[in-house]
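Student: Can you read through this structure? Questions will come right after.
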Amino acid sequence: QKEVEQDPGPLSVPEGAIVSLNCTYSNSAFQYFMWYRQYSRKGPELLMYTYSSGNKEDGRFTAQVDKSSKYISLFIRDSQPSDSATYLCAMPGGYNKLIFGAGTRLAVHP
Amino acid sequence: KAGVTQTPRYLIKTRGQQVTLSCSPISGHRSVSWYQQTPGQGLQFLFEYFSETQRNKGNFPGRFSGRQFSNSRSEMNVSTLELGDSALYLCASSLGGFGTGELFFGEGSRLTVL
């Protein structure tokens, strides 16, 4: 069993839809959680960074953490074609070591 | 502020050869980490260097090695290439210190092994 599980998709939604992306993890020692976004032929870039259980909002993006269920989510409101990318959840595994989920490929069509 | 620069961006090698990839971190960043990205295994951690010292290493064979120079630039080397080494190799830099801060990734070096 992988430490971080993420459905690779692909996920295709119409513009304006609410998107829900999810990851589960097995290591209860993880204290903070990250979401990275990776456009085609680019490196990943940090999107959201959360320390604790609950919600964190940044514009159209909301990150949610449920430590009791070992479940994290990223919601995208009013999705745009420019949101089309691969979204990767990540958790820390030591000095600048991130353990990534498989990544969910999202396509938002006009 | 310049981002993380990786060279070369694309390269093709044959089995048995070796390859060296280079990474220049963001100015002021002292930590450089390397990741391998493949369709089957996703993003996997290779190793991390801080002030020329390897602090962390992933589960890769000894054919994969790296080093960091005093100016924080880093190189990784893969010897005796195998077909399965075909991947996007990503370098990430951060300020360093303890724990895991925000990592800034380069655009990667895409290696194809024939």
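The values are calculated or read from the model by the stated rules, or taken from the named source; none is laboratory data. Model, not experiment: these values are computed from the prediction. Here the Cβ positions follow ideal geometry from the backbone for every residue, glycine too, while neighbour counts run over all protein chains shown. Keep in mind that these areas ignore ligands, DNA and RNA; they rest on the heavy atoms of the full protein, side chains included. Shrake-Rupley method; radii C 1.70, N 1.55, O 1.52, S 1.80 Å.
Student: Restricting the range B:21-51 to residues that are over 24 Å from A:Pro8 (Cα atoms) and over 14 Å from the mean Cα position of the chain (by Cα), which is most open to solvent (accessible area, probe 1.4 Å)?
Tutor: Among those residues, the one meeting the criterion is B:Arg30.
Student: Considering every residue within the range B:89-110, establish whether at least one is farther than 15 Å from B:Thr5 by Cα, surrounded by 15 or more Cβ atoms within 10 Å (Cβ to Cβ) and away from chain A (no Cβ under 11 Å).
Tutor: No, the range B:89-110 contains no residue that is farther than 15 Å from B:Thr5 by Cα, surrounded by 15 or more Cβ atoms within 10 Å (Cβ to Cβ) and away from chain A (no Cβ under 11 Å).
Student: Only one of B:Leu83, B:Leu103 is aliphatic (A, V, I, L, M) and modelled with pLDDT of 95 or more. Can you tell me which? First the steps, then the outcome.
Tutor: Details: B:Leu103 fails: modelled with pLDDT of 95 or more.
Exactly one residue qualifies, and that residue is B:Leu83.
Student: Does B:Gln17 qualify as being within 14 Å of another protein chain (Cβ to nearest Cβ), of a type in the set (S, T, N, Q) and open to solvent by 40 Å² or more (accessible area, probe 1.4 Å)? Spell out how you get there, then give the answer.
Tutor: Numbers: within 14 Å of another protein chain (Cβ to nearest Cβ): no; of a type in the set (S, T, N, Q): yes; open to solvent by 40 Å² or more (accessible area, probe 1.4 Å): yes.
Spelling it out, it is not the case that B:Gln17 is within 14 Å of another protein chain (Cβ to nearest Cβ), of a type in the set (S, T, N, Q) and open to solvent by 40 Å² or more (accessible area, probe 1.4 Å).
Student: When only residues in the range A:12-46 that are hydrophobic (A, V, I, L, M, F, W, C) and at pLDDT below 95 count, which is farthest from B:Ser93 (Cα to Cα)?
Tutor: In the first step, residues of the range A:12-46 are kept if they are hydrophobic (A, V, I, L, M, F, W, C); the result is A:13, A:17-19, A:21, A:23, A:29-30, A:33-35, A:46.
After this cut, where a residue has to be at pLDDT below 95 as well, the list is A:29-30, A:33-34, A:46.
Details: A:Ala29: 24, A:Phe30: 21, A:Phe33: 18, A:Met34: 16, A:Leu46: 12 Å.
If we take residues in the range A:12-46 being hydrophobic (A, V, I, L, M, F, W, C) and at pLDDT below 95, then A:Ala29 is farthest from B:Ser93 (Cα to Cα).
Student: Give the residues of the range B:43-65 that are more than 12 Å from every other protein chain (Cβ to nearest Cβ), out of contact with any Lys or Arg (no Cβ under 8 Å at 6 or more places or on another chain) and more than 23 Å from A:Leu88 (Cα to Cα), sorted by residue number. Let's see the steps before the verdict.
Tutor: Here is the first cut: in the range B:43-65, the residues more than 12 Å from every other protein chain (Cβ to nearest Cβ) are B:52, B:60-65.
This time we only want the ones that are out of contact with any Lys or Arg (no Cβ under 8 Å at 6 or more places or on another chain), so: B:60-65.
Within the range B:43-65, B:Pro61, B:Gly62, B:Arg63, B:Phe64, B:Ser65 meet the criteria.
Student: Taking strands (runs of 3 or more DSSP E) that fall entirely within the range A:40-110, which contain at least 2 residues that are touching a residue at least 40 places away in the same chain (Cβ under 8 Å), touching a Pro at 6+ places or on another chain (Cβ under 7 Å) and surrounded by fewer than 18 Cβ atoms within 10 Å (Cβ to Cβ)? Please lay out each step first, then the result.
Tutor: Numbers: elements: A:45-50, A:54-58, A:61-66, A:71-76, A:85-92, A:98-100, A:104-109.
Here the list reads A:104-109.
Student: Determine, yes or no, whether B:Glu75 is surrounded by fewer than 20 Cβ atoms within 10 Å (Cβ to Cβ), within 14 Å of chain A (Cβ to nearest Cβ) and of a type in the set (Asp, Glu). Outline the logic, then answer.
Tutor: Values: surrounded by fewer than 20 Cβ atoms within 10 Å (Cβ to Cβ): yes; within 14 Å of chain A (Cβ to nearest Cβ): no; of a type in the set (Asp, Glu): yes.
Judged against the criteria, B:Glu75 is not a match.
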